[in-house]
Amino acid sequence: MMEQNIESEIAQLQAVYDAVINFFVNYSFQLIGAIFILLIGLYIAKRVSAVVNRVCIAKGLDVTLSRFIANVSKILVVIMVAIVVLNKIGISVTPFVAAIGALSLGAGLAVQGLLSNYGAGLNIILTRPFIVGDTISVQGVSGQVKDILLAHTIIVTEDDVEITIPNKHIIGEIIHNSQKQSLLELSVGVAYSSDLDKVTEILQTAVANCPLASDVRDPQVGIANFGDSSVDFEIRVWADSDKINAARFAINKVIWDTLQTNSVDIPFPQREVKMLP
């Protein structure tokens, strides 16, 4: 019995060995050719992607859309190369296409969340509500857009903290896009006895000369409201989004120094208390 089992196993190994030998005898040159075609095809796909990316950028398309078109072109070339390679070694792609079609429904249900992210990412890339370099606020977070991928968008705060937002949480939400600059709204109160025209003038000049204030738009200075103890001025100034906190600190310091230099009082709240007998 043992000898029969050994002979059976040897026969099976021999059959496998013969099948492997026959495959390499019949398809050795095809296999070498397929490997050669695959390597050349991958190289061509990489080069095509780089050329398409350069052409898109030269035509004025933004970085995100250029990368997307370049990646799609690379994938198309790789698919064509794969079809040629499979046919070269005698494998028909028709059964694979049928199997992919049969599995697509189940796979779609299994990765519904992932597909929704990819669909939202494609929507962002095509409609371009924002691009790389813009500063956006969405879902309670703010930062400069570092990269837009099909599955998620990466933004970076001024503190160099990377925030990854799934794209399905961006599409359909209210997006605040200030491009590369953001608006600072600052306020300061001065005494009612102050020369308000003079205060407006000196604050306008001082803020405009601050190095961190943007020179693209002139700052706005004016009376916002009349408080209990002070006339409240509002200062609206634009600054680079990636330096917004530094700009806030610097401009507040400029406002303080300017008012102190020009002897403009900043009153504090006062209350009069009467003691009844």
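The values are calculated or read from the model by the stated rules, or taken from the named source; none is laboratory data. Keep in mind that this is a model prediction, so the values were computed, not measured. Ideal geometry is used to build each Cβ from the backbone, glycine not excepted, and the neighbour counts take in all protein chains shown. Ligands, DNA and RNA are excluded from the accessible area calculation, which covers all protein heavy atoms including side chains. Shrake-Rupley method; radii C 1.70, N 1.55, O 1.52, S 1.80 Å.
Only one of the listed residues (F96, F130, F68) is at pLDDT 85 or above and of a type in the set (F, W, Y). That residue is F130.
Do we have any residue at all in the stretch 115-124 that's closer than 27 Å to A239 by Cα, among the hydrophobic types (A, V, I, L, M, F, W, C), open to solvent by less than 80 Å² (accessible area, probe 1.4 Å) and not in a helix (DSSP H, G or I)? Within the stretch 115-124 (the criterion being closer than 27 Å to A239 by Cα, among the hydrophobic types (A, V, I, L, M, F, W, C), open to solvent by less than 80 Å² (accessible area, probe 1.4 Å) and not in a helix (DSSP H, G or I)), the answer is no, since none of the residues qualifies. One residue stands out in the stretch 206-228 among those that are under 20 Å from K253 (Cα atoms) and at pLDDT below 85: the one that is farthest from the chain's Cα centre (by Cα), namely D215.
Across the stretch 174-201, the qualifying residues are those that are out of contact with any strand residue (DSSP E or B) (no Cβ under 9 Å at 6 or more places or on another chain) and in contact (Cβ under 8 Å) with a residue 12 or more places away in the chain, and the one among them that is least open to solvent (accessible area, probe 1.4 Å) is K198.
Given the criteria open to solvent by less than 80 Å² (accessible area, probe 1.4 Å) and either more than 20 Å from S193 (Cβ to Cβ) or assigned to a helix (DSSP H, G or I) (or both), does N252 qualify? Here the answer is yes, as N252 does meet what is asked. The set of residues in the stretch 149-170 that are open to solvent by less than 70 Å² (accessible area, probe 1.4 Å) and at pLDDT below 85 comprises L149, L150, A151, T157, E158. What do you reckon, is A246 open to solvent by less than 100 Å² (accessible area, probe 1.4 Å), modelled with pLDDT of 85 or more, touching a Ser or Thr at 6+ places or on another chain (Cβ under 6 Å) and within 27 Å of G133 (Cβ to Cβ)? Here the answer is no, as A246 does not meet what is asked.
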